[in-house]
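The values are calculated or read from the model by the stated rules, or taken from the named source; none is laboratory data. Keep in mind that what you see is a predicted model, and the values were worked out from it rather than measured. Because the Cβ atoms are built from the backbone with ideal geometry, glycine has one as well, and the counts that use them run over all protein chains shown.
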Amino acid sequence: MIVLFAIFLLTLLVISAIAIVRVKNLFVAVMLMGIFSLLMASTFFILDAADVALTEAAIGAGVSTIILLSALALTGEHERFATANRWLPLLVVTITTTTIIYATFDKPRLGDPEAPVHQHVAPWYLQNTPELIDIPNVVTAVLASFRGYDTLGEVFVVLTACIGVLFVLGARPEDAPKPAKQQGLRHHLIPKVVGRLLVPFIVLFGLYVQFHGDFGPGGGFQAGAIIATGIMLYAVLEGETAALKAVPSSLLMAMVAGGAILYGGVGVAAILLGGNFLDYSVLSSNPVDGQHLGILLVELGVGITVCGALLSIFHAFAAREHK
Amino acid sequence: MELLGLYNYWVFAILLMVGFYAVIAKSNLIKKLLGLSIFQSAVFLLYITMDKVEGGTAPIIQKGATDQIFSNPLPQVLILTAIVVGISTTALGMAIIVRINEAYGTIEEKELQDQNRDP
């Protein structure tokens, strides 16, 4: 039964991807992209990747749609040219697809426990996480502790991308004329009532995901995205000015940099206490408690940076709109 | 039934190339970026497909429960961070497209090339 459902979802993925490429109206393409992401999240969930499914649902279907739409408002939503010379790309794509599909016949079947990918280091993480880190969610343990360097790098990529967007679009100068007060969707009754009800619960759920990430699916990346979505919803409902009043851009800047500094600071603190960079065992007298504390702080740093970066990017696009 | 175990990989191949087609064949810059996102999602699907173990469950260890089979946590960690980085880079690309639109008044590759030829 689950196999049939998985095949149904995968087939829908292919159909929506082809529709995204073919459709002329870019607004429709962006909305289809949201559906595509939601289908992808469901597929991830069926494949046992609960953390990844949560991330894809929050980011792909939530944040990414809002950011793409706010950019679309600045560029126009019609694709003007039909593809002129479509035969050469089509030929290249067909040949490559056939080659890749031919190559898949050598791949291990889905779920094969003997596949090489399950033989290398993965069993070590599953066996040693309860003893060394002692948190139930192995994904969080690997993300924040075993592979802490990698995650630190990813946080800095997010930080860099955010700085890049702000440079390209320009943060709004303090003395710029204030745009006319945005009404948002305030005069639409249903979005106003339902949306205002939802915002606090979205933020609350984000906090739950943040602090429950050690025990269940979740963590800083998901939580940051979910909280950012909640505040973006508020901005859509009440107008951007109101959202900037609630979370001012100076605070956003502090969040983007502060989260990354918190993450790096935990690493430096570990060095000062006599351990290696990002080795949390020395943070407390008991190595396992030290790991717990380190993971909590690091995940908090990730959440703060991701939330701040996504909101700054959203405001950068939204501020441009009203020029 | 044996071949159904490869269906995920086939969908990966098709999605990858649908995205790639949009990048090389479409003239509209936003369409290209959407194609790049599809391409990216296809790679995510490949990694997550590899993590599945028959009869396994999400790698969250429950105290007291023995003989549980877990899916591989490593590809999940890689893709989890990659998704967030993906949206950041897409946003950066969109920002550049917005500026191109402001400077040239178009986001169609053909019109941009024409403007470059006769300044």
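At least 2 residues that are free of Cβ contacts under 8 Å to residues at least 12 places away in the same chain in each: list the helices (runs of 4 or more DSSP H) lying fully within region A:205-323 that qualify.
Qualifying helices (runs of 4 or more DSSP H): A:249-272, A:287-321.
Whether any residue in region A:101-113 is at the interface with another protein chain (Cβ under 7 Å from one of its Cβ atoms), over 29 Å from A:GLY220 (Cα atoms), at pLDDT 90 or above and part of a helix (DSSP H, G or I) is what I want to check.
Yes: one or more hits.
Working only within region B:60-91, note down all residues that are under 19 Å from B:LEU36 (Cα atoms), facing chain A (nearest Cβ under 7 Å) and surrounded by fewer than 21 Cβ atoms within 10 Å (Cβ to Cβ).
B:VAL85, B:THR89
Condition test on A:ILE135, is it in a loop (DSSP other than H, G, I, E, B) and among the hydrophobic types (A, V, I, L, M, F, W, C)?
Spelling it out, A:ILE135 is indeed in a loop (DSSP other than H, G, I, E, B) and among the hydrophobic types (A, V, I, L, M, F, W, C).
List pairs: first in region A:162-191 and farther than 22 Å from A:GLY258 by Cβ, second at pLDDT 55 or above and assigned to a loop (DSSP other than H, G, I, E, B), Cβ under 8 Å, 6+ apart or cross-chain?
That search, which allows pairs on different chains as well, returns A:LYS181/A:GLY239; A:GLN182/A:GLY239; A:GLN183/A:GLY239; A:GLY184/A:GLY239; A:ARG186/A:GLY239; A:PRO191/A:LEU185.
Of all residues in region B:92-119 being touching a residue at least 40 places away in the same chain (Cβ under 8 Å) and either more than 7 Å from every other protein chain (Cβ to nearest Cβ) or among the aliphatic types (A, V, I, L, M) (or both), which is surrounded by the most Cβ atoms within 10 Å (Cβ to Cβ)?
Ranking the candidates gives B:MET94 first.
Looking at region B:25-39 only, could you name the residues that are polar (S, T, N, Q) and in contact with a Gly (Cβ under 9 Å, 6 or more places away or on another chain)?
Scanning region B:25-39 gives a single hit, B:SER37.
Which ones in region A:37-67 are among the charged types (D, E, K, R) and either farther than 22 Å from A:VAL3 by Cβ or part of a helix (DSSP H, G or I) (or both)?
A:ASP51, A:GLU56
Scan region A:51-61 for residues that are closer than 18 Å to B:VAL77 by Cβ, of a type in the set (A, V, I, L, M) and in contact with a Ser or Thr (Cβ under 9 Å, 6 or more places away or on another chain) and report the count.
So the answer is 4.
Count, please, the residues in region B:25-44 that happen to be more than 11 Å from the chain's Cα centre (by Cα) and either in a helix (DSSP H, G or I) or buried (at least 22 other Cβ atoms within 10 Å of the Cβ) (or both).
Summing the residues that are more than 11 Å from the chain's Cα centre (by Cα) and either in a helix (DSSP H, G or I) or buried (at least 22 other Cβ atoms within 10 Å of the Cβ) (or both) in region B:25-44 gives 7.
In region A:68-94, what residues are touching a Phe, Trp or Tyr at 6+ places or on another chain (Cβ under 6 Å), assigned to a helix (DSSP H, G or I) and touching a residue at least 12 places away in the same chain (Cβ under 8 Å)?
A:SER70, A:ALA71
With the requirement that a residue be within 12 Å of A:GLY111 (Cβ to Cβ) and assigned to a loop (DSSP other than H, G, I, E, B), what does region B:51-81 give you?
Passing the criteria: B:LYS52, B:GLU54, B:GLY55, B:GLY56, B:ILE69, B:SER71, B:ASN72.
Tell me, which residue of region B:1-24 that is in contact with a Gly (Cβ under 9 Å, 6 or more places away or on another chain) and not aromatic (Phe, Trp, Tyr) is surrounded by the most Cβ atoms within 10 Å (Cβ to Cβ)?
The residue in question is B:ALA22.
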